[in-house]
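Worksheet: the structure to be examined is printed underneath.
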Amino acid sequence: MPDHVNPHRLFDIRGKTALVTGSSRGIGKALAEGLGAAGARVVVHGRDADVARSTAAELRERLDADVHVVTFDVTDPRQVAEGIDEIERDVAPIDILVNNAGIQRRAPFLDFPVEDWNAIVASNLTSAFLVGQRVARGMAARGGGKIVNIGSVQSRLGRPGIAPYAASKGGIVMLTRGMCADLAGSSIQVNALAPGYFATELTKALVDDEAFSAWVRGRTPAGRWGSVDELVGTLLYLVSPASDFVNGQIIYVDGGMTAVV
């Protein structure tokens, strides 16, 4: 079989170095674990050093993988620069970046505090710009790389009480396309993975809310919440050679939610 269509080569990320922001828990943790299981060297990131170190230790033990830790504020340009410098100095140059860090806050639009708007946009959107720009500079100098920005079904769909979150995730779509326009010529592929409703420790209150869970099941053609391991296959595709001619795309992993009314 020719090497360029060999499925083992197409999806091979062994030895690559991957940074997943916001990966000490939730979806980010699952994505980091998936990359580590596939043979990548993984850098776990979070603001809480103790939680990040605990997650890294857990992944090392479970996967027997090469896992490192970095802590910095993704909304602070100075800390971002220092954090990326630390990784590339002490671990390895970054081949794969997953911009996953983000927050959610809820309130009716008429009552939404401007400070919460600013925090959401900074954490969910500005962070992807800051980290993506800093990492992409190194990727461009080295001749290529893979960047995956984490969007959401709220990149396309609104819901009451989360207008700023939806705006930030809609922004991720256009940031992804803009990064593609500027970076594709440097052999950097930038795509977005947009999850639907997934059961994690961070969404436990919503999962346990029977009325909300019933809404999720009824609104999702698959009829259920997603399991975080169901995001890993799409991520592996987007960070592997299999997607070398895929750029600026948004892939919804949502059980069909965005496909139907």
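The values are calculated or read from the model by the stated rules, or taken from the named source; none is laboratory data. None of the values given here were measured: they were computed from a predicted structure. Cβ placement follows ideal geometry from the backbone for every residue including glycine, while neighbour counts extend to all protein chains displayed. Surface accessibility is based on the protein's heavy atoms, side chains included, excluding ligands, DNA and RNA. Shrake-Rupley method; radii C 1.70, N 1.55, O 1.52, S 1.80 Å.
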Only helices at least 24 Å long along their axis, Cα-based, and averaging -1.0 or more on Kyte-Doolittle count here, so list those DSSP H runs from the chain.
163-183
Answer in debye to the nearest 20: the dipole magnitude of the chain about its Cα centre, from +1 Lys/Arg and -1 Asp/Glu charges placed on Cβ, is 540 debye
Normalising by the residue count of the stretch 1-61, find the relative contact order in percent from Cα pairs under 8 Å and 6+ residues apart.
32 percent
Which option, (1) 14; (2) 24; (3) 19, is the value of percent of Cα pairs over 32 Å apart that was calculated from these coordinates?
(3)
Once the stretch 125-165 is represented by equal point scatterers at the alpha-carbon sites, with solvent omitted, what log10 I(q)/I(0) does the Debye formula produce at q = 0.25 Å⁻¹?
-0.86
With label points built 7 Å along Cα→Cβ from the Cα atoms of Ala184 and Asp48, find their separation and express it in nm.
4.1 nm
Can you list the trypsin sites (Lys or Arg not before Pro) in the stretch 1-108 that are in a DSSP coil and have 10 or fewer other beta carbons within 10 angstrom?
Arg14
If you project the alpha carbons of the stretch 42-93 onto their three principal axes, what span does each projection cover, largest first, in Å?
34, 23, 11
So, in nm, how far is label Arg159 from label Glu58 when the simple model puts each one 7 Å beyond its Cα toward the Cβ?
2.3 nm
May I ask you to derive the relative contact order of the stretch 111-261, considering only C-alpha pairs under 8 Å and at least 6 residues apart, and to give it as an integer percent?
27 percent
1.4 Å probe accessible area per residue over the chain, in Å²
46 Å²
Among the trypsin sites (Lys or Arg not before Pro) in the stretch 137-239, which ones are in a DSSP loop with at most 13 other Cβ atoms within 10 Å of the Cβ? Mind listing them?
Arg224
Hey, what did the chain get for relative contact order, percent, Cα under 8 Å, at least 6 apart?
19 percent
